Amino acid sequence: MLGNGENMCAYAFDGYWKDVGTVQSLWEANMDILQEPPAFELNDSDWKIYSRNPVKPPHYIAKGAKINNCCVTEGCNVYGDIKHSILFEGVTVEKGAVVEDSIVFPGAVIKENAVIKKAVIGEEAVIGKGAIIGDENTDSSQYASPYCTGGISLIGGGIIIADGEKIGINSMVASETGKGEN
Amino acid sequence: MKDMMGIVMADNSELTLNELTELRSIPALPFGGRYRLIDFILSNMVNSGIINVGIATNINYSSLMDHVGSGAPWDLNRKIYGLFMLPPYVRGGAGGISTGSIDQLYGVLTFLRRSRQQYVVLASGRTVCNMTFDEALKLHIEKDADITVVYRDVKEKNDQLSRSNVYEVDENGRVNGMETSPRYPKTTLQGMGMFIIERIKLIELIEDAYARGSHDFVRDILMTAVNSHKVYGYEYKGFVGIVDSIRSYYETNMKMLESDVRRDIFGSENRIYTKVKDQVPTQYGKTAEVSDSLIADGCIIEGTVENSIIFRGVHIAKGAVIKNSIVMQNSVIEENCDIENVIIDKECTLRQSKRLVGQPNYPVILPKRTLL
């Protein structure tokens, strides 16, 4: 068109824009929401973003839980320590568990004393007691994936991570871990 | 279970919760962070397979109508049957605003006659529980009962019994005595405001009572029926909260902070449905401190929340402390406020550094849209 000299115009958009096509950009876009003030304001009653709605009860934050700079939605039960993270509906974070810089998809369960660092936890995944996801001192080359870069780990939907299992950074776990499984 | 219909008696003019019910009926009271009381009975009905529900209203029902809408959240927006609001007739047989539940039921006669289900669940809209009526109906049919009342055993006598129907039930489940609002209740079997009865029989009873100039379903129909008809009791053993005063409203809300109660009410396969608002998740700031609280979507929490219930779209600013309180939709608590044992109705604003403290058994109420 340009070659033909046709009239082509450009419009400069100056709002929030993010092309989410990789695990890292998905993680970044979610973290943008946690900025204070958010890089992308979703909380606008005049411009709602509509979605499917699961109709779950309000989320519960237990005594002893810690919550700092997070986004939490209905049906969650938080007994542990969550920091700079996003919890989707129906997520459980048990006592002593720590979730940091992470996104936890619907229905996932983070068991007692598990630690999640900079990870994307898939729908209905279960992270066993005392397991560590995103452990810098663990070599998980068997889970290395070209899709997981920038220090982000990804646990697939429905995956069960065994108690005490350690998963290193940049891992993508798509099959279950631990004895008797795989 | 398909052969059953439901009628929710959405008013009880004898009960008020002061400022909270000034502009709304009790079933329209916000509850548990995102619900209204009527959600529980409506969900219980549809979870029992009921597809034909009438809501008999009397006064102040606009917030109720706004909330239930077409019945879509309960899948009651149907072509055949569905959800029917039954406001009072201003003229005609019932003579406008009703003076008792018989007048209210008289207005429902057309709806009853037009329906084809064999059985009716007649229920108040202020009982919080998650149950289906399958077992109660089974008992009703097995015993060939005329009326089956649903009750719970509160085990110890309490002041709420003196505002309830209290039953005497024999070993076969037959109700052989009842009291209503007794000063000294004979038993601890408290009615849950739910009755099962055949539709044709209910029509007859209402017509008879109305012809005799009676006004009250409980006093004029049920109490006489205990002697003249086969009235049976079905005992429900799950969690039950009955809201009939500010104190019971506050306490039933606070019960939702107990995990076994929450499991009973919200953990079942049978969900409690409510109007959906597509709000964003709640944002917790870096200064947020939250403990033992239920928090709905769309909130911004930057202060401290303890042992409280926070409804949708509430903003709690830095330095504000909320304890043992209920904060309803879209209220704003500004910096350094100190709130304890308070019920804050919808859309209130508390400017900076306000201090409000109620008693644990006597919470302070801030009416809707208060600016303090």
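The values are calculated or read from the model by the stated rules, or taken from the named source; none is laboratory data. Since this is a predicted model, take the numbers as computed values, not measurements. Using ideal geometry, Cβ is built from the backbone for each residue, glycine included, and neighbour counts are taken over all protein chains shown.
Below, the figures for the structure above:
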item	result
Matching entry among A:Val91, A:Val98, A:Val20 (being among the β-branched types (Val, Ile, Thr) and within 25 Å of B:Ile326 (Cβ to Cβ))	A:Val91
Residues of the stretch A:85-108 that turn out to be in contact with an Asp or Glu (Cβ under 9 Å, 6 or more places away or on another chain), within 9 Å of chain B (Cβ to nearest Cβ) and closer than 18 Å to A:Lys118 by Cα, as a count	1
Matching helices (runs of 4 or more DSSP H) fully within the stretch B:204-287 where at least 2 residues are over 24 Å from the mean Cα position of the chain (by Cα)	B:223-228
Subset of the stretch A:66-77 [over 15 Å from the mean Cα position of the chain (by Cα) and more than 7 Å from chain B (Cβ to nearest Cβ)]	A:Lys66, A:Gly75, A:Asn77
Filtered residues of the stretch A:41-51 (kept if closer than 21 Å to A:Ile67 by Cα and more than 8 Å from chain B (Cβ to nearest Cβ))	A:Glu41
Hey, A:Pro38 crowded, with 24+ Cβ neighbours inside 10 Å, within 9 Å of another protein chain (Cβ to nearest Cβ) and under 29 Å from B:Ala317 (Cα atoms) or not	no
Some residue of the stretch B:35-45 being in a helix (DSSP H, G or I) and at pLDDT below 85	no
Residue in the stretch A:74-87 that is buried (at least 19 other Cβ atoms within 10 Å of the Cβ), closer than 30 Å to B:Ala72 by Cβ and out of contact with any strand residue (DSSP E or B) (no Cβ under 7 Å at 6 or more places or on another chain) present	no
Pick from the stretch B:260-286, criterion closer than 15 Å to B:Ile38 by Cα, surrounded by fewer than 19 Cβ atoms within 10 Å (Cβ to Cβ) and not hydrophobic (A, V, I, L, M, F, W, C), ranking: nearest to the other protein chains (Cβ to nearest Cβ)	B:Arg271
Single residue of A:Glu41, A:Glu94, A:Glu100, A:Glu89 found to be at pLDDT below 95 and not β-branched (Val, Ile, Thr)	A:Glu41
Unique residue being free of Cβ contacts under 8 Å to residues at least 12 places away in the same chain and farther than 17 Å from B:Met9 by Cβ when the list is B:Glu179, B:Glu204, B:Glu156	B:Glu204
Selection within the stretch B:50-74 - more than 19 Å from B:Leu109 (Cα to Cα) and either in contact (Cβ under 8 Å) with a residue 60 or more places away in the chain or part of a helix (DSSP H, G or I) (or both)	B:Ser62, B:Ser63, B:Leu64, B:Met65, B:Asp66, B:His67, B:Val68, B:Gly69, B:Ala72, B:Pro73, B:Trp74
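Condition check ((1) closer than 30 Å to B:Gln279 by Cβ; (2) modelled with pLDDT of 95 or more; (3) surrounded by 24 or more Cβ atoms within 10 Å (Cβ to Cβ)) across all residues:
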| residue | (1), (2), (3) |
| --- | --- |
| B:Met1 | no, no, no |
| B:Ala10 | yes, no, yes |
| B:Leu23 | yes, no, no |
| B:Pro27 | yes, no, yes |
| B:Met65 | yes, no, no |
| B:Ser70 | yes, no, no |
| B:Ile97 | no, no, no |
